[in-house]
Amino acid sequence: MKKVSIDTWIQLLGMLSVVAGLVFVGLEMQQTQRIALANQQQARTELITDMMLVDMELVGDFGASGQIATDWESMNPQQKSLRETRQRYLWQVLENNFFQNEMGLLTPELWEQVERYNNARWSECHLRHTYNRAVRYAPFTEYLETLPDPCR
């Protein structure tokens, strides 16, 4: 059996170090890309929700339309319109939360809180028409369809 020289072992160790360094750099780049994607999604959500808030301010008193205690049947058309806009706003925020969770940027505890809120919004049958599947992030729609559905 032939002995391997110390130079060969040093070269092997050097090559393994280079490979390990490249793997580490690759993982860092992947994480950076995920954070960049999440930031882009967050910026889009902020833009869309800002536009929705302007619409709500133009139409009327947002606070009165957003009270849970106000029964849908007793609302006037303006209040219903504002509540529908608020629901679209909430769908946008919840979709963003879902995306952030997919990117691994939410803690499990925070995601549990978001899931409870998702269930509450999905259970508002009289506002379900405000959820437009055609323009929503498909994985979020698929997730919502796995939730208990009291509207059926």
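The values are calculated or read from the model by the stated rules, or taken from the named source; none is laboratory data. A quick note: this is a predicted structure, and the numbers were derived from the prediction, not measured. Please note: Cβ atoms are built from the backbone with ideal geometry, for glycine as well, and neighbour counts cover all protein chains shown.
Is it fair to say Gln33 is among the polar types (S, T, N, Q) and modelled with pLDDT under 85? Answer is yes for this residue.
Condition check for Met1 on (1) modelled with pLDDT of 80 or more; (2) loosely packed, with under 10 Cβ neighbours inside 10 Å; (3) not polar (S, T, N, Q): one failure, at (1). Residues that are of a type in the set (Lys, Arg) and either without any contact (Cβ under 8 Å) to a residue 12 or more places away in the chain or over 23 Å from Thr70 (Cα atoms) (or both) within segment 102-126 comprise just one, Arg116. Within segment 127-144, the residues that satisfy the criterion of being surrounded by fewer than 15 Cβ atoms within 10 Å (Cβ to Cβ) and more than 15 Å from Tyr89 (Cα to Cα) are Ala134, Ala138, Pro139, Glu142.
Note on segment 109-135: among residues that are of a type in the set (Phe, Trp, Tyr) and part of a helix (DSSP H, G or I), the one that is nearest to Asp149 (Cα to Cα) is Trp122. For residues in segment 1-56 being small (Gly, Ala, Ser) and in a helix (DSSP H, G or I), which is nearest to the chain's Cα centre (by Cα)? My answer is Ala38.
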